[in-house]
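Student: One structure, pasted below without further comment.
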Amino acid sequence: MKLASLKGGRDGRLVVVSRDLLRTADATAAAPTLQAAIDDWDGVEPRLRKIADALEAGEVAHAPFDPKQCMAPLPRSYGWADGSAFVNHVALVRKARGAELPASFWTDPLMYRGASDGFLGPCDPISAGDVAWGVDLEAEVAVIISDVKQGAASNDTAPAIKLLMLVNDVSLRNLIPAELAKSFGFLQSKGQTAFSPVAVTPDELGKAWDGTKVSLPLLSQVNGKPFGRPNAGTDCTFDFPTLIAHAVKTRPLYAGAIIGSGTVSNRDADGGPGKPVEEGGVGYSCIAEIRSVETIRHGAPKTPFLNFGDRVRIEMNDAEGRSIFGAIDQEVVRA
């Protein structure tokens with residue numbers, strides 16, 4: 001089942017989207033918003049699935065699906081926490097600046113709590129006051145969860161995963177060093193986060209979902225050119241149940257909280273730091289990583305961060321090449 005929130009008010013209007021991403025059916029008879037649906041998922045999900053089945057069979061009124069009319073599936077959330085499940089990414093960034101990777105990074109996830117009061121829709125622009133801030137994409141996968149109690153173990157958190165989405169966790173790289181130097185985390189160095197047009201139930205992923213992670217390439221483009229295609233199930237040090245368990249160690253999470261995977265990153269087959277797509281590699285999910293690899297390989301970075309007018313596209317296809325979540329498609333604009 002695929003769900004979207006069409007523009008209107010702060011929380012949008014919930015619709016069911018056809019599997020081919022061509023049609024929508026109104027879902028407000030089941031729940032007015034996605035947050036309302038998640039709050040009573042066990043009661044609402046069967047009603048949403050009836051609408052979805054009727055939409056696939058052509059037995060319900062429908063309208064064309066337009067991603068430009070979509071807000072984020074959850075336009076705002078009670079919580080957004082982003083992990084760093086792909087330690088390869090962290091290791092490369094730290095190696096490029098000559099910093100050692102603590103051994104604990106392989107056993108204890110990194111995670112930050114991000115702003116969740118207003119997300120970007122899939123086609124909303126990335127707004128920046130100055131490109132000198134170092135505007136960067138971060139292509140990721142995220143899950144929307146139901147209630148999870150404090151202290152829940154990773155083997156108990158998988159059932160809480162109700163929906164999955166794609167993410168562009170916009171980072172302002174040149175603001176990060178000074179902010180982290182204060183030893184108090186991200187705030188100004190993170191732009192508004194964008195999500196894919198639709199959120200999907202895990203069964204939509206078929207065999208690519210093993211209950212803990214998605215094993216499909218995450219495709220990124222910058223200005224229409226392939227930038228990355230790393231597999232979201234490869235080199236994943238911490239799966240989603242582990243990330244959720246980490247987040248609830250000292251406090252519970254509630255229905256509608258979102259947990260992100262962090263930047264998807266793969267090593268080369270030979271264990272190397274990863275090659276660009278044009279060199280036959282799987283590329284990268286953020287510019288900071290290719291700049292780190294350039295520094296490691298050549299002594300200095302050469303790929304610039306995003307400029308005004310640049311366009312970013314993030315998507316994931318199934319084994320037959322069909323888009324699962326629709327595309328995040330954003331232009332960088334001056335605030």
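The values are calculated or read from the model by the stated rules, or taken from the named source; none is laboratory data. These numbers come from a predicted model, not from an experiment. Glycine also receives a Cβ, built like all others from the backbone with ideal geometry; neighbour counts cover every protein chain displayed. These area figures cover heavy atoms from the full protein model, side chains too; ligands, DNA and RNA do not enter into them. Shrake-Rupley method; radii C 1.70, N 1.55, O 1.52, S 1.80 Å.
Student: In whole percent, and with a 1.4 Å probe on the protein chains, what portion of the accessible area of the chain is carbon and sulfur?
Tutor: Answer for the chain is 51 percent, counting heavy atoms of protein chains only.
Student: Please compute one quarter of the surface area of the Cα convex hull for the stretch 116-205 and express it in square nanometres.
Tutor: Approximately 7.8 nm², given one-decimal rounding.
Student: Compare the peptides 287-293, 46-52 by average per-residue count of other Cβ atoms within 10 angstrom and give them in order, highest first.
Tutor: 287-293, 46-52
Student: Further question on the same structure: Using the Cα centre as the reference, give the magnitude of the dipole from point charges on the C-beta atoms of the chain (Lys, Arg: +1; Asp, Glu: -1; all else neutral), rounded to the nearest 20 debye.
Tutor: For this selection, approximately 640 debye.
Student: Report, in cubic angstrom per residue, the convex hull volume of the C-alpha atoms of the stretch 251-335.
Tutor: Spread over its residues, the Cα hull of the stretch 251-335 gives 214 Å³ apiece.
Student: Something else: Using the Karplus equation 6.51 cos²θ - 1.76 cosθ + 1.60 (θ = phi - 60°), what ³J(HN,Hα) coupling, rounded to whole Hz, does each residue of the stretch 146-154 give in order, writing x for Gly and Pro?
Tutor: 8, 4, 10, 6, 4, x, 4, 7, 4
Student: Let me ask another. What does the highest-first list of 149-158, 176-185 look like by mean Cβ count within 10 Å?
Tutor: So the order, starting with the most tightly packed, is 149-158, 176-185.
Student: So, one more: If every alpha-carbon in the stretch 171-213 counts as one equal scatterer, what log10 I(q)/I(0) does Debye give at q = 0.13, 0.22, 0.32, 0.33 1/Å?
Tutor: After summing over all Cα pairs, the log10 values are -0.54, -0.71, -1.11, -1.14.
Student: Same structure again: Would you work out the charge dipole size for the stretch 1-91 about its Cα centre, treating the Cβ of every Lys and Arg as +1 and the Cβ of every Asp and Glu as -1, and quote it to the nearest 20 debye?
Tutor: Dipole about the Cα centre, nearest 20: 280 debye.
Student: Once you sort the root eigenvalues of the Cα gyration tensor of the stretch 71-176 as a ≥ b ≥ c, which label holds: rounded (a/c under 1.5), prolate (a/b larger than b/c) or oblate (the other case)?
Tutor: Oblate, since a/c reaches 1.5 and b/c is not below a/b.
Student: Give me the Å³ per residue figure for the convex hull around the C-alpha atoms of the stretch 1-135.
Tutor: 162 Å³
Student: Note the per residue figure in Å³ for the convex hull of the C-alpha positions in the stretch 190-241.
Tutor: 140 Å³
Student: Using the Kirkwood formula on the Cα atoms of the stretch 169-286, what hydrodynamic radius do you get, in angstrom to one decimal?
Tutor: 16.6 Å
Student: Which of Lys162/Lys182; Lys95/Lys207; Lys213/Lys275; Lys182/Lys213 have a Cα-Cα distance over 31 Å?
Tutor: Lys162/Lys182; Lys95/Lys207; Lys182/Lys213
Student: For the chain, what does the accessible surface come to per residue with a 1.4 Å probe? Please give it in Å².
Tutor: Accessible surface, normalised per residue, equals 44 Å².
Student: Still on this structure, I have one more. Place +1 on the Cβ of every Lys and Arg and -1 on the Cβ of every Asp and Glu in the stretch 77-143, take the dipole about the Cα centre, and give the residue among Pro102, Ala142, Tyr112 whose Cα lies farthest towards its positive end.
Tutor: Farthest towards the positive end: Pro102.
Student: Now for a separate question. Limiting things to C-alpha atoms, what are the Rg and the maximum Cα-Cα separation (Dmax) for the chain, in angstroms?
Tutor: Over the chain's Cα set, Rg and Dmax evaluate to 19.1, 61 Å.
Student: Roughly how big is the stretch 120-184's charge dipole about its Cα centre, with Cβ charges of +1 (Lys, Arg) and -1 (Asp, Glu), in debye to the nearest 20?
Tutor: 180 debye
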